[in-house]
Every structure is written in structure tokens, then in C-alpha cells.
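First the structure, in the form of C-alpha cells, and then the observations on it.
The values are calculated or read from the model by the stated rules, or taken from the named source; none is laboratory data. Keep in mind the model is a prediction, meaning the values are calculated, not measured. Here the Cβ is made from the backbone with ideal geometry for all residues, glycine too, and neighbour counts use every protein chain on show.
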Amino acid sequence: MIFINDLDEDIDSNILKFADDTKIFREIRNSTDCSQLQADLDKFVLWSQKWQMEFNVDKCKVMHVGNTDDSSTYYMKGSELTDVTSEKDLGVWISADMKCSKQRMYAFNKATKVLGMIESTIRFKNTRVTLSVYKTLVRSYVEYCVSVWNPHYIEDKELIEKVQRRFTKMINNIEGKTYEERLDGLKL
């Protein structure tokens, strides 16, 4: 078993650790803050070399979040870290502008593909079974970490709702009903 509890000793920036994933962050208001973040990155590298647990620098990235015009460059082991505007973290797309459009499209595309697979492979669409498959395989994509990416724009909600609308049309015994009636009948 490997312990990394001491990774954050002498680090002035904020750190988040989860399994083999580590994030370091801080608010950058001036060049001193930039220098401090770089110093903390250097301390990470020294720690990793001391314990022979090298960071994969190719996977290390920088994201400038917010409206700041900070274009500071950061380095690890002499290599410049890639500057990104969005990154997938624990299955959720995070973007520098903090909008959820990339996550919304990711969830929609994944859910649509699974819904298409259900539509083409399940011949006899028993309501109970199909509803169970939908809740298990499709809704898991559109609801995954929804409290984090919280679709609050109308366009986000409509795109996600489009998946459920398509599903309710797949159920045989509720044709001709309005979308709201289909939702009510399926208890969705």
C-alpha cells in the first residue's frame, strides 16, 4: 500500500486528492501568486522523486478558470504544462468558463447512443422491462453528477429532455398521448 498523506506538506496552494488523481489550485491575483503556484509544483516534483512515484507530466494540465486574463505558464520537471479550456474529471467535463455545455453534449450523445441500441436490439418492448433498462442504462448518463454540472439553461434542459421524450415514444401501449401524459403513465 502506498501512502501519499504527506504530499501536501509545505504546500501553500489548495490540493484535492482522489485515488491516483491530484489537483493543485489557487487564486491568481498577481505575479507573486503565480510564483507560489510554480514553487508548489516544484515541491510536488521533489516529493515524487524522493518517493519514486513520478507524476506523468504528459497528463498534467493547467486550466485558468474565470474571467481573468492570466496566461501564466507553469512547468513540471522542465516541461511546460499544457493549457486547456476544458477537462474531464471523474466523468464530468469542467470548462474554464464554468458552463456545462460540453458535459450536456457528452451526456446527450452517450444517452442517445444507448437509447438507439435499446431501440434496435429489444424487439418486444414490455413496458416494465424497457422502463427498467432505460432507468439503468440511459438515465445514468444524463443524471451522472447532475448536482455538479446542474443544467440550468433552457437549452441544456431541452436537450436532456429530448432523450426522455424519445424514450417515451418507444413504449407501445401509450401511443397518441401527450408527452406529459406519457411521463405520468410511466411515472417519470
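A few comments on the model shown:
- Taking residues in the stretch 9-28 that are farther than 19 Å from residue 70 by Cα, and partners anywhere that are polar (S, T, N, Q) and surrounded by 11 or more Cβ atoms within 10 Å (Cβ to Cβ), the pairs with Cβ atoms closer than 9 Å and at least 6 places apart or on different chains are 12/36; 15/22; 16/22.
- Condition met for residue 132 (over 27 Å from residue 102 (Cα atoms), small (Gly, Ala, Ser) and either at pLDDT 90 or above or not in a loop (DSSP other than H, G, I, E, B) (or both)): yes
- Looking only at the stretch 95-111, and only at residues there that are among the hydrophobic types (A, V, I, L, M, F, W, C) and crowded, with 17+ Cβ neighbours inside 10 Å, the one that is nearest to residue 153 (Cα to Cα): 100
- Residue pairs whose Cβ atoms lie under 6 Å apart, sitting 6 or more positions apart in sequence or on different chains, and linking a residue in the stretch 88-113 that is within 17 Å of residue 67 (Cα to Cα) to a partner that is in a helix (DSSP H, G or I), are 95/102; 100/149.
- Any hit, the stretch 119-136, residues being over 30 Å from residue 34 (Cα atoms), among the polar types (S, T, N, Q), touching a residue at least 40 places away in the same chain (Cβ under 8 Å) and surrounded by fewer than 17 Cβ atoms within 10 Å (Cβ to Cβ): yes
- Here the condition is being surrounded by 16 or more Cβ atoms within 10 Å (Cβ to Cβ) and of a type in the set (A, V, I, L, M, F, W, C); of 46, 37, 16, it holds for 37 alone.
- Where residue 176 falls short, out of the listed (1) surrounded by 13 or more Cβ atoms within 10 Å (Cβ to Cβ); (2) over 18 Å from residue 107 (Cβ atoms): (1)
- Residues that are part of a strand (DSSP E or B), surrounded by fewer than 15 Cβ atoms within 10 Å (Cβ to Cβ) and of a type in the set (A, V, I, L, M, F, W, C) within the stretch 57-94 comprise just one, 84.
- Sub-7 Å Cβ pairs linking a first residue in the stretch 155-173 that is surrounded by 15 or more Cβ atoms within 10 Å (Cβ to Cβ) to a second residue that is of a type in the set (Gly, Ala, Ser), at least 6 apart or interchain, are 160/107; 163/111, ordered by first then second residue.
- Matching option when the condition is more than 18 Å from residue 23 (Cβ to Cβ) and in the same structural domain as residue 37 (by TED's automatic domain parsing), among 109, 67, 172: 67
- Filter result (of a type outside the set (Lys, Arg) and either out of contact with any Phe, Trp or Tyr (no Cβ under 7 Å at 6 or more places or on another chain) or assigned to a helix (DSSP H, G or I) (or both)) within the stretch 100-115: 101, 103, 105, 106, 107, 108, 109, 111, 112, 114, 115
- In the stretch 37-48, the residues that are touching a residue at least 40 places away in the same chain (Cβ under 8 Å) reach residues that are part of a helix (DSSP H, G or I) with C-beta atoms within less than 9 angstrom, at least six apart or across chains, in these pairs: 47/6; 47/7.
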